[in-house]
Structure formats: structure tokens, C-alpha cells
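Just below is one structure, and these are the notes that go with it.
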Amino acid sequence: MNLFTLLDQAAARFGDRGAVFHGRRQVCTWSELRERALRLAASIRQSVPAGARIAIASENRPEIVELMFAIWAAECVVVPVNFKLHVREMLQILDDAGAALVFTSAKIGAALAPATEMPVEVVTGASYQNRFTTAPSDPPDTDPAALAWLFYTSGTTGRSKGAMLSHRNLIAMTVAHLADFDAADQNCSLVHGAPMSHGSGLYIAPYVLRGARQVVPESGAFEPEEFLDLCDHHPGCATFLAPTMVQRLVQTGRPRPRQLRTIVYGGGPMYVDSLKRALAAFGPIFTQLYGQGEAPMTITGLRQADHLGADDVVLGSVGYARSGVDVAVRRPDGTLAEIGEIGEIVCRGDVVMAGYWNNPDATAATLHDGWLRTGDMGCFDTRGYLTLRDRSKDVVISGGSNIYPREVEEVLLEHPAVLEACVVGAPDADWGEVVVAFVVGQVEPADLDAHLLQRIARFKRPKRYEFVDELPKNSYGKILKRELRDRLADQLT
Ligand code: AMP
């Protein structure tokens with residue numbers, strides 16, 4: 001089974017209804033979307049073999065929907081690239097994936113094309129339009145274990161790793177979403193608020209299967225006013241948002257748009273106070289997911305009904321295991337932790353990735369007997385709710401984006417005036433967490449900013465620098481991050 005089947009079914013059932021919308025404007029019907037994807041698939045296969053990795057690097061755009069289904073119909077692998085990354089970081093991903101072709105927006109194309117030999121094609125350009133003159137290919141018949149999506153996560157060593165997601169993985173995610181969270185139908189819409197290269201793009205699959213509209217805001221990004229207007233216009237809106245985005249919606253002070261039915265939040269911690277404010281502003285339309293690229297959107301969750309009258313323990317938890325997923329908490333020796341005892345969260349099921357692309361060492365460290373080691377620490381309570389306590393992977397999650405301290409530290413240390421650097425996350429009411437860098441050296445923050453901006457994405461830059469004479473270390477010389485985090489916490493109190 002190939003994910004293209006989902007579109008095939010929607011086209012058969014809902015052929016002449018609107019499928020993809022750019023803002024309020026209808027771009028195509030389901031029949032047209034199917035036809036466009038098959039023409040695009042045929043043209044792609046004229047230049048690349050089955051199994052080729054094809055990247056998409058763009059702000060949110062309507063073409064992303066047809067491209068994904070075309071790449072699957074061509075039996076190739078989608079490699080979505082976060083459009084907020086620095087060109088240097090995008091190139092690392094493209095190289096690692098061995099991408100044969102990159103589709104981009106005009107803006108990203110202009111930055112990327114001069115930096116690579118790889119073919120870069122702008123989706124608003126003439127050569128892209130020409131592809132639709134190719135005769136459509138036949139719908140594919142694919143082994144469900146074939147790769148469908150390389151999901152790039154930032155590695156703790158600074159190198160991105162590509163989680164290999166098969167058609168089966170994404171179909172298991174689709175079924176769990178429809179079963180647990182949102183049984184959407186043809187009178188519903190998915191409004192893309194978060195980047196389609198990650199969570200929002202993964203959710204295309206369940207909503208396409210049910211013939212629900214795909215609505216892409218014209219700004220290509222998340223603008224709260226525009227987003228709320230679209231949720232007043234399109235029927236039965238559902239969306240996936242990072243916790244920071246939910247806060248930005250609440251901060252507009254606007255009431256819930258009449259058509260906004262479901263907000264799935266997750267991908268980073270949502271503080272209980274923020275969740276309560278969101279529930280008070282919009283009512284019980286919230287659903288929480290806990291997942292990661294390695295088990296896309298599907299480890300545990302809290303349904304809308306679970307939020308009703310829930311106590312702070314439940315609201316502060318990540319809920320309970322999703323349909324078709326086994327979740328457990330293990331001690332370092334691999335035995336099961338008791339209720340209330342913190343250990344590493346592991347899971348297994350059809351959503352779990354096949355491994356990391358071209359990275360057998362990382363795969364061996366992460367997958368054991370079909371169980372995925374999430375790197376997240378947590379514990380179950382007596383009622384079966386899982387609460388995250390810490391991340392063994394040390395990642396900072398700011399505004400829904402993952403930032404790996406090591407990556408920022410390495411770049412800081414490239415600056416000649418920086419002797420030592422240590423990066424940690426500090427709690428922040430707006431962003432969830434912000435990046436703070438402790439630096440030993442005589443240097444101006446503006447210099448460090450300029451240095452970082454030339455090398456890594458803007459969102460990874462520290463929001464604050466703390467200049468210190470030395471970093472606290474243990475007897476092995478390992479920096480005591482916990483102590484630095486405590487110092488930041490003390491400043492807050
Ligand atoms: P990514 O692979 O980029 O999607 O990041 C996944 C990581 O985000 C997980 O391993 C968790 O550390 C964190 N995360 C995901 N969902 C939640 C949630 N609902 N609450 C807290 N942290 C989360």
C-alpha cells in the first residue's frame with residue numbers, strides 16, 4: 001500500500017469538491033489534485049529512479065500537497081526541509097539524504113540554488129508548470145515497508161539525522177489520528193498553521209483520506225489574525241499548532257472562530273497555566289499529542305474530553321498510549337520502572353521508524369527489539385497518565401522548534417574570543433523555553449549574534465548571554481549544566 005491510495009480514495013468519493021485552498025481561494029478539486037499528482041509523478045520519474053530522495057524546502061505553500069502525493073506516486077521519498085534553517089544547514093540535510101532534486105519556493109530557491117550543484121526547481125516557475133504536460137503515470141502498487149518520508153531531526157552531535165518513515169508508519173499514524181483525535185469528514189478542513197515540513201505536513205494524510213480541505217494561509221507562515229480569519233471562513237477547521245502558537249492565538253483576545261473545532265497541540269511542553277488560559281478563551285477544543293519524528297505524532301495523547309474537568313496532574317501530563325502503540329518506562333538496566341518512578345520512555349508499534357538514514361550506529365542506539373528509545377524521561381501515575389520529567393537528550397524546545405545545545409555551543413566556540421561556552425534552556429512564559437548561553441571570554445553580545453547568524457538558523461540564536469569567569473565542572477571536567485539551569489531558575493525567583 002502506498003500513501004497515494006488515500007488521495008485515490010478521496011478523488012473517487014469527493015471528485016469535484018474543493019481539495020486545496022490558498023487562503024480563501026480554491027486551488028483545485030480532488031480529481032484535479034489526483035491528476036496533477038500523477039502527471040507530476042510521471043515527469044519526476046523521467047529523470048530519477050524509484051527510491052530517489054526528493055526534497056521540498058519552502059514556506060507553507062499549496063503545491064506542497066500535490067508534490068507529496070506525486071513523490072509517493074513516483075515511489076520516491078519525500079525529504080521535507082524546515083524553511084527556517086540556514087542554507088548551510090539545509091545543504092547538510094540535502095547531502096545526507098543524497099537528494100536527487102529539490103523543489104523550493106522562489107525565496108528559498110534564490111538562496112539555495114547558488115550554493116549547490118543539485119537541481120533546484122522553483123514551484124512557481126515555468127519548468128514546474130511544464131511538468132503538467134506529461135501524461136499521467138498509473139497509480140502505484142508499493143510495498144508498505146518502502147520509505148515514504150525522511151524526517152530530519154537535529155542530532156545531539158549537531159548533525160541532523162533522517163528518521164526513515166515508511167508508508168506503513170504514516171498509515172498507522174493516520175489511523176490512530178482518525179481513531180483517537182479527530183474523525184474528520186468531507187465537511188472539515190485542515191488549516192496549516194505550523195510548518196508543513198513537520199507536524200502539519202504529516203497531518204495531510206488523515207485529512208486527505210477523509211476528503212477534508214487542505215487550507216494553506218497566503219502568508220506561508222503563522223500569522224494569528226490571518227489564521228483566525230481562515231477558521232471563520234472554512235468549514236469544520238482542525239489544526240496542529242506548537243504550544244507557542246496556541247498562546248499567540250489566545251493573546252489576540254479574539255473569541256473562538258465559529259468553525260474552529262479542534263486544535264491539536266504538542267511537539268513541546270505546554271505549561272498548565274497556558275493550557276488553562278487557552279481552554280478559557282476557546283473552550284474544550286484542545287487535544288494534546290506527544291510524539292517525535294521517530295514515531296510521528298503518535299506516542300501518547302489527551303483527547304478533548306480528557307481536558308474537561310481535569311486536574312493539574314492530568315493537564316500537566318502527556319496523556320496515555322495512542323491506539324496501536326505500546327508505551328513503557330524503563331530503568332537504565334532495561335527493566336520496567338514502577339508507577340511513579342522516572343525512567344526512559346520507550347514505545348513500539350507500526351508508527352515506529354525503520355531507523356536513521358545511513359546511520360547504523362544511531363539506529364542501534366535508538367531501536368532495541370522493535371522498541372524505540374525516545375530519549376525522554378518520565379513516569380506513569382496510578383491512573384495511567386504519563387508525565388514527562390526531563391529529556392535525556394538535553395534538547396531545548398523554544399516555540400515548538402528543537403534546538404540542540406551542542407550545535408549552538410560548537411558554533412559559539414568557533415568565535416576566536418570565546419574560550420568556553422555552555423548552552424541551556426531557561427523556562428519562558430511566551431516561548432516555553434529560551435536559549436541562554438553561558439560564555440567565558442571578552443566579547444560583545446552583538447558580535448556573537450552576527451557570528452551565529454552567518455552560521456546557523458536565527459531561531460537557534462541565544463536570547464541571552466551570561467558572561468562568566470568560569471563554568472562549573474565536576475571532577476571529570478564535565479560541565480554541570482544542572483547548576484547553570486539552577487542559577488537561571490534562581491534569577492527568576
Ligand atoms: P521532534 O522529533 O522534533 O518532533 O521532537 C520530539 C520531542 O519533542 C519529544 O521527544 C519530546 O521531548 C518533545 N515533545 C513532543 N511532544 C511533547 C508534548 N506533548 N509535551 C512535551 N514535550 C513534547
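Considering segment 229-256 alone, what residues qualify as being touching a helix residue (DSSP H, G or I) at 6+ places or on another chain (Cβ under 7 Å) and among the charged types (D, E, K, R)? Across segment 229-256, the qualifying residues are R248, R254, R256.
For the residues R39, R53, the requirement of being among the basic types (K, R), closer than 30 Å to I403 by Cα and touching a residue at least 60 places away in the same chain (Cβ under 8 Å) singles out R53. Regarding T374, is this residue farther than 29 Å from D311 by Cα and within 16 Å of the ligand (Cβ to nearest atom)? Here the answer is no, as T374 does not meet what is asked. One residue stands out among those in segment 58-92 that are among the small types (G, A, S) and touching a residue at least 60 places away in the same chain (Cβ under 8 Å): the one that is surrounded by the most Cβ atoms within 10 Å (Cβ to Cβ), which is A73.
Evaluate the following for A183: is it in contact (Cβ under 8 Å) with a residue 40 or more places away in the chain and either away from the ligand (no atom under 16 Å from the Cβ) or crowded, with 24+ Cβ neighbours inside 10 Å (or both)? Judged against the criteria, A183 is not a match. The residues listed here are D430, D376; of these, the one that is surrounded by 19 or more Cβ atoms within 10 Å (Cβ to Cβ) and not aliphatic (A, V, I, L, M) is D376.
Looking across segment 294-341 at every residue that is in a loop (DSSP other than H, G, I, E, B) and within 11 Å of the ligand (Cβ to nearest atom), the one that is modelled with the lowest pLDDT is identified as G316. When segment 256-293 is filtered for residues that are more than 11 Å from the ligand (Cβ to nearest atom), at pLDDT 95 or above and of a type in the set (A, V, I, L, M, F, W, C), the ones remaining, listed by number, are L260, I263, A278, L279, A280, A281, F282, I285, F286. Within segment 45-57, the set of residues being more than 26 Å from the chain's Cα centre (by Cα) and either closer than 14 Å to R131 by Cβ or crowded, with 23+ Cβ neighbours inside 10 Å (or both) comprises R45, Q46, S47, V48. If you go through segment 299-321 one residue at a time, do you hit one that is in contact with a helix residue (DSSP H, G or I) (Cβ under 8 Å, 6 or more places away or on another chain), free of Cβ contacts under 8 Å to residues at least 24 places away in the same chain and surrounded by 15 or more Cβ atoms within 10 Å (Cβ to Cβ)? For segment 299-321, residues in contact with a helix residue (DSSP H, G or I) (Cβ under 8 Å, 6 or more places away or on another chain), free of Cβ contacts under 8 Å to residues at least 24 places away in the same chain and surrounded by 15 or more Cβ atoms within 10 Å (Cβ to Cβ): present. Of D16, D8, all but one fail to be among the charged types (D, E, K, R), over 23 Å from S127 (Cβ atoms), modelled with pLDDT of 95 or more and assigned to a loop (DSSP other than H, G, I, E, B); the exception is D16. Pairs are defined by a Cβ separation below 8 Å, a sequence spacing of at least 6 or placement on different chains, a first member in segment 402-419 that is away from the ligand (no atom under 16 Å from the Cβ), and a second member that is modelled with pLDDT under 90; the pairs so defined are E410/G158; L413/E420.
Restricted to segment 462-483, and to residues there that are touching a Cys at 6+ places or on another chain (Cβ under 8 Å) and hydrophobic (A, V, I, L, M, F, W, C), the residue that is modelled with the highest pLDDT is L471. Hey, does segment 249-264 have a residue that's within 30 Å of N359 (Cβ to Cβ) and either out of contact with any strand residue (DSSP E or B) (no Cβ under 7 Å at 6 or more places or on another chain) or in a strand (DSSP E or B) (or both)? Looking for residues that are within 30 Å of N359 (Cβ to Cβ) and either out of contact with any strand residue (DSSP E or B) (no Cβ under 7 Å at 6 or more places or on another chain) or in a strand (DSSP E or B) (or both), one finds at least one in segment 249-264, hence yes. The number of residues in segment 434-475 being touching a Ser or Thr at 6+ places or on another chain (Cβ under 7 Å) and in contact (Cβ under 8 Å) with a residue 40 or more places away in the chain comes to 1.
Selection of segment 365-389 for residues being part of a loop (DSSP other than H, G, I, E, B) and at positive phi yields D369, G370, G384. So is I56 assigned to a helix (DSSP H, G or I) and either at positive phi or of a type in the set (V, I, T) (or both) or not? No: the conditions fail for I56.
A362 meets all of the listed conditions (1) within 14 Å of the ligand (Cβ to nearest atom); (2) in contact with a Ser or Thr (Cβ under 8 Å, 6 or more places away or on another chain) but one, namely (2). Would you check if there is a residue in segment 404-416 being surrounded by fewer than 20 Cβ atoms within 10 Å (Cβ to Cβ), modelled with pLDDT of 90 or more, part of a loop (DSSP other than H, G, I, E, B) and over 22 Å from the mean Cα position of the chain (by Cα)? Looking through segment 404-416, at least one residue is surrounded by fewer than 20 Cβ atoms within 10 Å (Cβ to Cβ), modelled with pLDDT of 90 or more, part of a loop (DSSP other than H, G, I, E, B) and over 22 Å from the mean Cα position of the chain (by Cα). Looking at T116, is it touching a residue at least 24 places away in the same chain (Cβ under 8 Å), within 15 Å of the ligand (Cβ to nearest atom) and surrounded by fewer than 20 Cβ atoms within 10 Å (Cβ to Cβ)? Taking the combined requirement at face value, the residue does not satisfy it.
A194 falls short on exactly one of the conditions (1) within 20 Å of the chain's Cα centre (by Cα); (2) more than 24 Å from T124 (Cβ to Cβ), and that condition is (2).
Selection of first residues in segment 189-206 that are over 19 Å from Q259 (Cα atoms) and of second residues that are modelled with pLDDT under 95 and assigned to a loop (DSSP other than H, G, I, E, B), restricted to Cβ pairs under 6 Å at least 6 apart or on distinct chains, gives the following pairs, ordered by first then second residue: S197/N82; G199/G267. Of all residues in segment 71-82, those satisfying the criterion of being in contact with a Phe, Trp or Tyr (Cβ under 8 Å, 6 or more places away or on another chain) and at pLDDT 95 or above are W72, A73, V77, V78, V79, P80, V81.
The values are calculated or read from the model by the stated rules, or taken from the named source; none is laboratory data. For clarity, every value in this text was computed on a predicted model and none was experimentally measured. Note that each Cβ is placed from the backbone with ideal geometry, even for glycine, and that neighbours are counted across all protein chains shown.
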